[in-house]
Amino acid sequence: MVHELKSFVRGDFHAGDGARADLVNPSTEEVLATASTEGIDMGAAIAFARETGGAELAKTTFADRGAMLKALSKSIIAHRDELLDLAMKNGGNTRSDGKFDVDGASGTLEYYADLGAELGATNVMIDGEGAPVGRSARLFGQHAFVPRGGVAVHVNAFNFPAWGLAEKAACAILAGMPVVSKPATSTAIVAHRMTEIFVAEKILPPGVFSFLAGGAGDLLDKLGGQDVLAFTGSHATGKKLRTGAAVLERGTRVNVEADSLNAAVLGPDVEEGSDTESLFFTDVTRDMTQKTGQKCTAIRRVYVPRARLEAVVAELEGRLAKVKVGDTAHEDVTMGPVSTAQQHKDVKAGIEKLAGCSTIAFDGGAGGKQPLGQKDGKGFFLFPVLLVCESPRPGDAVHTHEVFGPVATVMPYDSPEELVRLVGAGGGGLVSSVYSDDKAFLKKAVLGIAAFHGRVTIGSAKVAGQAIPPGTVMPQLLHGGPGRAGAGEELGGRRGVGLYMQRVALQGDKALLDLLLGSPAR
Ligand code: NAP
């Protein structure tokens, strides 16, 4: 039966009118649900969140809000199997992909719940060291973060309906801001179900969490100077949002997480058969195929020493050939379809674009291979594709065009300086990884590419057994990146909470500042 998704605004569920978007199972193209926000009064939704939710949160402390996040996390864990099932149906996820999203959501909420307990029974977060500003130590200055008086609007991408909702909501609610969350319409079923669970379990006070099932309508026109707009999605939509009147004219704070051409680098010292090499191959293969390559942090570019190019391509081909593409209801399948018909079209066009400067070394679908469990030619299936670009140059499609699917390009480099230039030519990314045990090379490569990234992971022999893949976003570390990646910053422990608070410099008698801040200014 087709399910009608409803928005949760002004303390209740409301169905939209008019034309409804279909949400499908990307393995079968069966319509699972419909959604529309037409007729939803966005101004009233925002006002209710800002006023009712804001007033409720103003009565609470970090510790209280941490307890709310803990309860949200537990409610997701309690409904984990149901949510995984929905992720498989609506997202084309394998069960393992679904866990990455759903467990990522509960884990991130739990991390911020613990941070709330640590920040304690206060509403103010001290920011760094204070300093005397006058002739005596008495006249003092201290930076602090205080709650903003607005609403946090979250516009998310299609690929992480659970984690995307949770990672943004965790930081905003902990900061003391009510949230209006809008997932991408095409894969909104998981986020919608999470909302139903949160509401049924009465975890949050009225107005603290609202949810939109469908398009944003004129939502963003309703935002003002105390509000925050946090967006994850394509570069093109990000550009529209940050050039809207709310941001340009009324100073709505905006954070954009967009495209990223994440790189993996194999160091010249890495020997065949070593733990470091094995980590590199495992990470590249996983990040190309997990969630069918639809991860903002997936590896798109692979740089290897020129002498290793052929051997690396051969090993990756062998590993990619083992990937079993098909309907994720089929238990042997290790990679599902991409999530939407549009994605399917875009990835195919993207491969053609990359082929303008590269050659296709491996196509998992060559020879008319059929996806497992595919019926009547339905489904948005794609096989992994590995390209090789022998003479990479800044400005090539491989350095400018993100293909959001199971696709990567391997390229040679001849020196650390050339490597840094090529990685930097990606225009700014979320995360890149460098695999090496050579300290001199690591210093040049890691510090050379660091300015182009929000995060750089180093894969070396000593951590190979416990390394966390670059594609896994950690709540304690920053997520975001300069340039093409949107110039945003999320997560990173307290830093992510700071996005939803106002940093203010307080200046005056140190004894008074200590009293106001509830702890000694440092
Ligand atoms: P998208 O088409 O830009 O959509 C993202 C979100 O923006 C959706 O919720 C969409 O709503 C909404 N939206 C679209 N037009 C809008 C408008 N004019 N006003 C307000 N909201 C609007 O991106 P996507 O296809 O979902 O996601 C894929 C992209 O996201 C990739 O390029 C990927 O790199 C990027 N991404 C980045 C990160 C990161 O953390 N940096 C994470 C994941 C994905 P509807 O669905 O209702 O249209």
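All of the numbers you see were taken from the coordinates with simple rules; none came from a lab. Note that the structure is predicted; figures quoted are calculated from it, not measured. Cβ: placed from backbone, ideal geometry, glycine included. Neighbour counts: every protein chain shown.
A compact table of results
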{"read-out": "Point-charge dipole on Cβ atoms (K/R +1, D/E -1) for segment 262-476, about Cα centre, debye to 20", "value": "620 debye"}
{"read-out": "9 Å beta-carbon shell around residue 386, net charge (K/R +1, D/E -1)", "value": "-2"}
{"read-out": "Mean Cα-pair separation over length for the chain, i.e. relative contact order, pairs under 8 Å, 6 or more apart, %", "value": "18 percent"}
{"read-out": "Under 5 Å, built H, 5+ apart or other chain: amide partners of residue 210", "value": "179, 180, 181"}
{"read-out": "Positive minus negative residues near residue 193 (Lys, Arg vs Asp, Glu; Cβ under 14 Å)", "value": "-4"}
{"read-out": "Semi-axes of the equivalent ellipsoid for segment 112-267, Cα gyration tensor, largest first, Å", "value": "31, 21, 18"}
{"read-out": "Cα-based convex hull, segment 413-500, per residue volume (Å³, whole number)", "value": "97 Å³"}
{"read-out": "Relative contact order %, segment 262-476, counting alpha carbon pairs below 8 Å whose residues are six or more apart", "value": "29 percent"}
{"read-out": "Paired Rg and Dmax values of segment 344-484, which use every Cα atom, in angstrom", "value": "17.3, 56"}
{"read-out": "Where only C-alpha atoms are counted, convex hull volume of segment 285-397 per residue in Å³", "value": "114 Å³"}
{"read-out": "nm² value of the averaged projected area, convex hull over the Cα atoms of segment 1-86", "value": "7.5 nm²"}
{"read-out": "5 angstrom amide H check on residue 126, placed H, neighbours 5+ away", "value": "145"}
{"read-out": "Counting all C-alpha pairs of the chain, share separated by more than 29 Å (%)", "value": "53 percent"}
{"read-out": "The chain: calculated mean residue ellipticity at 222 nm from DSSP helix runs of at least 4, using -39500 (n - 2.57)", "value": "-10500 deg cm²/dmol"}
{"read-out": "Segment 381-522: antiparallel DSSP beta bridges as a percent of all, rounded to 5", "value": "30 percent"}
{"read-out": "Interchain or long-range residues, amide H under 5 Å from residue 481's placed H", "value": "487, 488"}
{"read-out": "Projected-area mean, segment 44-156, by convex hull of Cα positions, square nanometres", "value": "10.2 nm²"}
{"read-out": "Chymotrypsin sites (Phe, Trp or Tyr not before Pro) restricted to DSSP loop in segment 202-278 with at most 14 other C-beta within 10 Å", "value": "none"}
